[in-house]
Amino acid sequence: MPVYKTLHPNSQTTVKVWKITESYDELFQGVKLKPESLSRVLGMKSELHQRGFLSVRHLLAAFGYTDSDLYYDQHGKPHLKDGKYISITHSFTFSGVIISDNKTGIDIEKNREKVKLIAHKFSNYEFCYLNEDEIDYVKKLTVIWGAKEALYKLYATPGLSFYNHILVIPFDLKEHKTVAWIDYKAHKCRFDIYFLELEDFTCVYTVT
């Protein structure tokens, strides 16, 4: 399908989301890949991952970029040749790209009960205000997970820990935004976090 949703958090930033309904063949036919990208997608064992990879290339095209405009550094962080900042995510049937004049990060996660089993790996301070009995517990955990993933992509610093160095302050799901802090070594930074529902998924993004 065409772009599922477009957001403009500010005048320097755009978010585009793709709902992946096409087959691998349909997505493959619509993009031109550089040799290393072609090798990468052909080497993927999961068709779900292949479709996610290709849908991101369709999102790049929607921004006016090609696969050749994108490259990755030694840490796997994506960059654009024109110097704009980019962050990429895909999860099952959704993919997302955010492009900005400023450092940015995005994550999409499926709302699943499974998140409760791994919450202790990425949540620390947040357990001070979370209530396991509340009806939106899974959604809140998913926002926290997504926020930390987005900030990890933005900060891109080896050694940064979800559990020890990133904290998300209390929030109301109805407000669709919160604040998070990175407290790592000599750096303490505040970030605005935005989130929205995409059917049974949660999209979280941040911009400096």
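The values are calculated or read from the model by the stated rules, or taken from the named source; none is laboratory data. Source: prediction; values computed, not measured. Because the Cβ atoms are built from the backbone with ideal geometry, glycine has one as well, and the counts that use them run over all protein chains shown. Ligands, DNA and RNA are excluded from the accessible area calculation, which covers all protein heavy atoms including side chains. Shrake-Rupley method; radii C 1.70, N 1.55, O 1.52, S 1.80 Å.
Rounded to the nearest 20, the Cβ-based charge dipole of the chain about its Cα centre (Lys and Arg +1, Asp and Glu -1) stands at 520 debye.
The residues of the chain present an accessible area of 51 Å² per residue when probed at 1.4 Å with all protein chains retained.
If contacts are Cα pairs under 8 angstrom and at least 6 residues apart, what is the relative contact order of the stretch 1-89 in percent? Relative contact order comes out at 21 percent. Checking the Cα-Cα distances for 16/84; 16/121; 103/148; 110/177 against a 20 Å cut-off, the pairs over it are 16/121. Rolling a 1.4 Å probe over the protein heavy atoms of the chain, with every protein chain left in place, gives an accessible area that is 51 percent carbon and sulfur. Along the stretch 90-97 the Karplus relation, 6.51 cos²θ - 1.76 cosθ + 1.60 evaluated at θ = phi - 60°, assigns HN-Hα couplings of 8, 8, 6, 10, 10, 9, x, 9 Hz to successive residues, with x for each Gly and Pro.
Projecting the Cα atoms of 11, 64, 54 onto the dipole axis of the stretch 6-72, where Lys and Arg carry +1 and Asp and Glu carry -1 at the beta carbon, places 11 farthest toward the positive end.
Just checking the listed ones, 172, 183, 67: in the Gaussian network model of the chain with Cα springs under 10 Å, the one fluctuating most is 172. Taking all protein chains as shown and a probe of 1.4 angstrom, residue 22 keeps an accessible surface of around 20 Å². Here the sum of -39500 (n - 2.57) over DSSP H runs of 4 or more residues, divided by the residues of the chain, equals -9000 deg cm²/dmol at 222 nm, to the nearest 500. With springs only between Cα atoms under 10 Å apart, run a GNM on the chain and tell me which of 133, 69, 82 wobbles the most. Among 133, 69, 82, the largest GNM mean-square fluctuation belongs to 133. Rolling a 1.4 Å probe across all protein chains gives residue 145 an accessible area of roughly 50 Å². Peptides 84-96, 184-196, 38-50 ranked from most to least packed, by the mean per-residue count of other Cβ atoms within 10 Å: 84-96, 184-196, 38-50.
Taking all Cα pairs closer than 8 Å and separated by 6 or more residues, the relative contact order of the chain comes to 17 percent. Membrane-span-like helices in the chain, defined here as complete DSSP H runs extending at least 18 Å along the helix axis by their C-alpha atoms with mean Kyte-Doolittle hydropathy no lower than -1.0, are 47-63, 137-155; this is a sequence and geometry rule, not a statement about a membrane.
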